[in-house]
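Presented below is the structure to which this report refers.
Taken together, the values in this text are just the output of simple stated rules run on the coordinates, not laboratory data. Keep in mind the model is a prediction, meaning the values are calculated, not measured. Note that we place each Cβ from the backbone using ideal geometry, even for glycine, and neighbour counts take in every protein chain shown.
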Amino acid sequence: MKSFDPANLSIPELHGYLVGAIGPRPVAFASTIDAQGRPNLSPFSFFNVFGANPPLLIFSPARRGRDNTTKHSYHNVKAVPEVVINVVTYSMVHQTSLASTEYPEGVNEFAKAGFTPIASEKVKPFRVKESPVQFECVVKHLIETGSGGGAGNLVLCEVVMIHVHDDVLDANGKIDQRKIDLVGRMGGHFYARAHGDALFELAQPTTQLGVGVDSLPPEARNSTVLTGSDLGKLGAALTIPDETAVNEYRLTELSDTFIAHKDQPGNLLTVLHQHAHGLLAQGKVEEAWMTLLAFNAR
Ligand SMILES: Cc1cc2nc3c(=O)[nH]c(=O)nc-3n(C[C@H](O)[C@H](O)[C@H](O)COP(=O)(O)O)c2cc1C
């Protein structure tokens, strides 16, 4: 493992490690206007949601690393503190990238990138018609995190209107994660597309307390067969099977395994861990626990 003190890295090196490791980053396609009312449209992946009450989005049109200049989007939100943040989907990504071209001041990237401007309801900047979700925002705070090249300019904005296209909603009116097809920015020239096999669901632990990985017997925690995901699934169990259940399971489900490996405890352990790994792949967490505990119940 290599370790770096940021103070010893150049700004491009530092930028590379930051954006290479922190991703995929959502993309704010920020629509602003200048003091003369001219539209601007630029993507920013230093972006996220930071609260729902009030609904707060933050993005950062940063100072350029190469010449320490600042971006039109930042000038615009200082002059007219309103922005529409449009989400970026896979079908929009080539045009979105084109809109990031550093056109001179006053050039309309809606026209350059071929997007359709539509009027907002509560703010002056336009929405991007092709984006399935558009957030009309009022800028609440601007925070300049430094004065050198590469420094962030945080634009903290409150959402005052949300527009969601019917195409991305499910039957309950919620945004369907399989339909929205969002993209994220990664390091270098990489993007990620959130669709198909890239999507998976994981129930979130709420008020119920999982027993924790530290409740597993040491040989299971240190297993070379069980993966980190296996340990996470086992640790999320709400109860540990009791001795009676484990003995019963050993006699009914595992007796052949125990007989076959009765003189080779090392092999038995590996086989039990492989069995537990297979059970976990099928979502059988309790059976996996009993398999692991059976080793010491001999
Ligand atoms: C997907 C994507 C994400 C980007 N994210 C950022 C960002 O977070 N911050 C930034 O300063 N520039 C970012 N850029 C570059 C800006 O979009 C680019 O500098 C743009 O020309 C700024 O336009 P403006 O001067 O009209 O505001 C990104 C570019 C792309 C394609």
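Which whole-Hz ³J(HN,Hα) couplings does the range 102-114 yield from phi under the Karplus relation 6.51 cos²θ - 1.76 cosθ + 1.60, θ = phi - 60°, glycine and proline marked x?
Result, rounded to whole Hz: 7, 5, x, 3, x, 6, 8, 6, 4, 6, 4, 8, x.
Please work out the ratio of the alpha-carbon Rg of the chain to 2.2 N^0.38 Å and round it to two decimals.
The chain yields a ratio of 1.38.
What percent does the relative contact order of the range 6-198 come to when contacts are Cα pairs within less than 8 Å and at least six residues apart?
Once normalised by length, the contact order is 26 percent.
First check a/c for the range 172-226, with a ≥ b ≥ c the square roots of the eigenvalues of its C-alpha gyration tensor; if it is under 1.5, answer rounded, and if not, answer prolate when a/b is larger than b/c or oblate otherwise.
The shape class here is oblate.
If each residue of separation counts as 0.36 nm, what is the full-extension length gain between D166 and K78 once their alpha-carbon separation is subtracted?
Values: separation 88, 0.36 × 88 = 31.68 nm, distance 3.33 nm.
Gain on extension, D166 to K78, equals 28.3 nm.
FRET efficiency for T145 and A192, Cβ-Cβ distance as r, R0 = 22 Å, nearest 0.05?
The pair T145/A192 has a calculated efficiency of 0.25.
Of all trypsin sites (Lys or Arg not before Pro) in the range 155-232, which ones are in loop regions per DSSP and have a Cβ with at most 13 other Cβ atoms within 10 Å?
K174
Roughly how many nanometres apart are two label points built 7 Å out from the Cα toward the Cβ at D176 and L156?
3.7
Going out from 0 in 5 Å bins, what whole percent of all Cα-Cα distances in the range 1-101 drops into each bin?
Per 5 Å bin, starting at 0, the Cα pair percentages come out as 2, 10, 18, 21, 20, 14, 9, 4, 1, 0, 0.
Testing the spin-label approximation: label points 7 Å from Cα along Cα→Cβ at E102 and E243. State their distance in nm.
Going by the 7 Å Cα→Cβ label model, 7.2 nm.
Please find the FRET efficiency linking Q274 to I22, where r is the Cβ-Cβ separation and R0 is fixed at 35 Å, and quote it to the nearest 0.05.
0.45
Which order do the peptides 266-278, 100-112 come out in when sorted by mean C-beta neighbours inside 10 angstrom, highest first?
Top of the packing list down: 266-278, 100-112.
What does the helix-only formula give at 222 nm for the chain: each DSSP H stretch with n ≥ 4 adding -39500 (n - 2.57), the total divided by the residues, and the result rounded to the nearest 500 deg cm²/dmol? Display every interim value, and only then the final one.
On the way: 11 runs with 91 residues, N = 298.
So the helix-based figure for the chain works out to -8500 deg cm²/dmol.
Could you sort the peptides 199-207, 156-164 by per-residue average Cβ neighbour count (10 Å cutoff), highest mean leading?
Ranked from most to least packed, the peptides come out as 156-164, 199-207.
Note down the magnitude of the dipole of the range 165-298 about its Cα centre, charges +1 on Lys and Arg C-beta and -1 on Asp and Glu C-beta and zero elsewhere, to the nearest 20 debye.
That gives a dipole near 360 debye.
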